[in-house]
Amino acid sequence: MGNKEDWEELEKWEESRKQEQKEKFRLDFSEIQKDKEHKGVNTVVKGMKIAGKTIKIGGIITAIIVIAIVILIFDLIISNINSKTNVNPEKTIESMYNTKIDLVNKDIDEKENGRYTFKMSDNNEIQFTAIRRFGNLSEDYMDNCHKYYFDKWENESKSNFVVNENRTGDILEYDTYIKINTYEDLDKAMKNINDFVSYCGKNFSASWRIYLKKGDYIIYPYQQEGITKEEASKNAKEIFKNIVK
């Protein structure tokens, strides 16, 4: 039997088998198979549609979160700009140093930028300057307090101090320090500094630039408010010890 004849015989047999199945079960299995395939395709399409909707919803939620974060950041930036722009020199200084001050005069523009001169409410002899530039504030309250009390101090120890008095624009920069080389120098210098601190009493501030100097090294004995003379001397000795190791 040739190949052609063989194929023809197989096709006849297949057709005959299908016909027998139809007559016996009233069904066409080939059609069932096609229907299953069709349903499978529909299921895949439905799944893709659901996945697409889920992705869209997720994208919308992400977009909302991003927009909310951008709005929050923008609001913080605007608030920061406004807080700087609206800075009040008098209230800011009073809050910083827990003191009361009065305005002497001011030379400012329509946006309140410029030079302010203040005085302490409880000591009119202490005057100082504040410069406001577009929300930035620079002032020399502490430096003028330091200068005032050092100028008024009458003590033979005063001659051991070096005074640095400079101005950047209208802002005073005021330092007092004693040069040292040995532990003996340090003990004498600390006695001089403590004499000045005693004279100032409650008016002394650890924010003042008053220090010891060994070469290029600077030692601040009073590193924070409220420490005793003994603690300040101990601080100075410990720092000095580390320098000369």
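The values are calculated or read from the model by the stated rules, or taken from the named source; none is laboratory data. None of these values were measured; they are calculated from a predicted model. Neighbour counts are summed over all protein chains in view; Cβ atoms, including those assigned to glycine, are modelled from backbone coordinates with ideal geometry. SASA here: full protein model, heavy atoms, side chains in, ligands and nucleic acids out. Shrake-Rupley method; radii C 1.70, N 1.55, O 1.52, S 1.80 Å.
Can you tell me which residues in the range 123-155 are of a type in the set (D, E, K, R) and either at pLDDT 95 or above or closer than 19 Å to Ala206 by Cα (or both)? Residues satisfying the conditions are Glu125, Arg132, Glu139, Asp140, Asp143, Lys147, Asp151, Lys152, Glu154. Residues in the range 165-191 that are open to solvent by less than 20 Å² (accessible area, probe 1.4 Å) and not in a strand (DSSP E or B): Ile180, Leu186, Ala189, Met190.
Listed by position, the helices (runs of 4 or more DSSP H) contained in the range 1-118 that have at least 1 residues being at pLDDT below 70 are 3-25, 29-85.
For every residue, the table says whether it meets (1) over 24 Å from Ile126 (Cβ atoms); (2) modelled with pLDDT of 95 or more; (3) assigned to a loop (DSSP other than H, G, I, E, B).
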site: Ala206; (1), (2), (3): no, yes, yes
site: Lys213; (1), (2), (3): yes, yes, no
site: Ile218; (1), (2), (3): yes, yes, no
site: Gln224; (1), (2), (3): no, no, yes
site: Glu230; (1), (2), (3): yes, yes, no
site: Ser233; (1), (2), (3): yes, yes, no
site: Ala236; (1), (2), (3): yes, yes, no
site: Phe240; (1), (2), (3): yes, yes, no
site: Lys245; (1), (2), (3): yes, no, yes
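Entry remark, the range 138-164: residues being touching a residue at least 24 places away in the same chain (Cβ under 8 Å), out of contact with any Ser or Thr (no Cβ under 9 Å at 6 or more places or on another chain), open to solvent by 30 Å² or more (accessible area, probe 1.4 Å) and not in a helix (DSSP H, G or I) number 1 in total.
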